[in-house]
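Each remark here refers to the structure printed beneath this line.
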Amino acid sequence: MKIKLLAFGQIAEITGEQTELAADVCDTTELLQLLYEKHPELKSKSFKLAVNQKMAQDVTVLNENDTVALLPPFSGG
């Protein structure tokens with residue numbers, strides 16, 4: 001399955017530029033496990049996932065060509 005992976009801020013510094021990921025994952029839990037294996041430093045970072053521009057709650061099923069964003073904490077005023 002192909003997933004478009006977008007990363008922002010400090011998360012992008014760890015994972016690199018936005019990319020298309022070909023992986024055998026069926027949900028966000030499996031995707032996180034794969035990302036932690038590829039980029040162990042992510043385990044110490046705080047971030048949230050959004051799937052197709054909607055914040056992922058708990059386990060979210062992934063489909064072919066979904067866009068998953070890795071979002072670091074936002075600050076601002």
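Each value in this text was obtained by applying a stated rule to the coordinates, not by laboratory testing. The structure displayed is predicted, hence computed values, not measured ones. Cβ coordinates were reconstructed from backbone atoms using ideal geometry, including for glycine residues, and neighbour counts include every protein chain displayed.
So which GluC sites (Glu not before Pro) in region 1-72 end up in coil per DSSP with only 11 or fewer other C-beta atoms within 10 Å?
Counting only loop positions with at most 11 other Cβ atoms within 10 Å, the GluC sites (Glu not before Pro) in region 1-72 are 17, 64.
Compute the projected area of the convex hull of the Cα atoms of region 16-56, averaged over all viewing directions, and report it in nm² to one decimal place.
So the mean shadow area of the Cα hull is 3.4 nm².
Any idea what angle helix 28-38 forms with the longest principal axis of the chain, computed on alpha-carbon atoms, 0 to 90 degrees, nearest 10?
Its long axis makes an angle of about 70 degrees.
Positive end of the dipole of the chain, charges at C-beta (+1 Lys, Arg; -1 Asp, Glu), about the Cα centre: which of 52, 29, 10 has its Cα farthest in that direction?
With unit charges placed on the Cβ atoms, the residue in question is 10.
Give me the extension gain from residue 39 to residue 63: residue separation times 0.36 nm, minus the current Cα-Cα distance, reported in nm with one decimal.
6.4 nm
Antiparallel versus total DSSP beta bridges in the chain: what percent is that, nearest 5?
75 percent
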